[in-house]
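What follows is one structure encoded as structure tokens, with my remarks underneath.
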Amino acid sequence: MNVQLQEPAPTMDRPIDLLRACHRRLTARLDTLERLSGHLAEHGADADAQTAARRVLNYFDQAAAQHHADEDQDLFPLLYSLASHPEGHPDLIDTLDRLGAEHHALEADWARLRPAIEQIAGGEVCALDGAGDWVRRYRAHLETEECFVFPQAELLLTREHLARIGRSMSERRGIEGEVHA
């Protein structure tokens, strides 16, 4: 008997679902970062803290940057082009403008936070000044995308739009193969 215990991971054929999956991984890394300060206070920069810091670094240096590019270069421009669609929300353009600006602010703040996390990954205890505020802002950002932007994308984007986004996401990651949305 073949029992599947979890839903299969989304593919490039379902780019909005893939973006949601990225959000789940982002949230997991934000959770790790939130717990890291307490762990440091209790255990110092032990092996667990170093591993957690390396995971946070790896994710926000690579996958999160790709995710922002997926949205800024692919999803948001298509949604801008469809903003006057009769089913489009009147706040879509303002929301996309704000989210794009937030991407830049979150990335700039990551660059300021990163050296402390790098020190922890290297075994040093270091204060994570500003991390809590950064995590809160990132979570609010993700919530807006989940509750507003992705539903608008599902409403407005055609199969061709989705295929274009999927192809671009694949190319950004160096993944070969055809995308059918």
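Only residues that are within 15 Å of L19 (Cβ to Cβ), acidic (D, E) and out of contact with any Lys or Arg (no Cβ under 9 Å at 6 or more places or on another chain): list them for region 43-94, please.
Correct list: E71, D72.
Is there a residue in region 82-91 that is in a helix (DSSP H, G or I) and of a type outside the set (K, R)?
No, the conditions are met nowhere in region 82-91.
Modelled with pLDDT under 95, farther than 19 Å from R159 by Cα, in a helix (DSSP H, G or I) and of a type in the set (S, T, N, Q), is that true of Q62?
Judged against the criteria, Q62 is a match.
To keep it simple, each residue is scored yes or no on (1) exposed (fewer than 13 other Cβ atoms within 10 Å of the Cβ); (2) touching an Asp or Glu at 6+ places or on another chain (Cβ under 9 Å); (3) of a type in the set (S, T, N, Q); (4) farther than 15 Å from F76 by Cβ.
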residue	(1), (2), (3), (4)
H103	no, yes, no, no
W110	no, yes, no, yes
L113	no, yes, no, yes
G132	yes, yes, no, yes
R137	no, yes, no, yes
L156	no, yes, no, no
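If S37 satisfies every condition in (1) over 25 Å from R173 (Cβ atoms); (2) at pLDDT 95 or above; (3) surrounded by 13 or more Cβ atoms within 10 Å (Cβ to Cβ) but one, which is the exception?
S37 satisfies every listed condition except (2).
Restricting attention to region 168-176, does a residue exist that is at pLDDT 95 or above, out of contact with any strand residue (DSSP E or B) (no Cβ under 9 Å at 6 or more places or on another chain) and crowded, with 17+ Cβ neighbours inside 10 Å?
Applying the first criterion (at pLDDT 95 or above) to region 168-176 yields none.
Looking through region 168-176, none of the residues is at pLDDT 95 or above, out of contact with any strand residue (DSSP E or B) (no Cβ under 9 Å at 6 or more places or on another chain) and crowded, with 17+ Cβ neighbours inside 10 Å.
Whether any residue in region 74-95 is closer than 20 Å to R25 by Cβ and in contact with a His (Cβ under 6 Å, 6 or more places away or on another chain) is what I want to check.
Looking through region 74-95, none of the residues is closer than 20 Å to R25 by Cβ and in contact with a His (Cβ under 6 Å, 6 or more places away or on another chain).
For region 40-55, state whether one or more residues are within 15 Å of the chain's Cα centre (by Cα) and modelled with pLDDT of 95 or more.
Within region 40-55, the subset within 15 Å of the chain's Cα centre (by Cα) is 55.
Okay, now just the ones that are also modelled with pLDDT of 95 or more, so 55.
Looking for residues that are within 15 Å of the chain's Cα centre (by Cα) and modelled with pLDDT of 95 or more, one finds at least one in region 40-55, hence yes.
The values are calculated or read from the model by the stated rules, or taken from the named source; none is laboratory data. Everything quoted here is computed from the prediction, not taken from an experiment. Neighbour counts run over all protein chains shown; Cβ positions are idealised from the backbone, glycine included.
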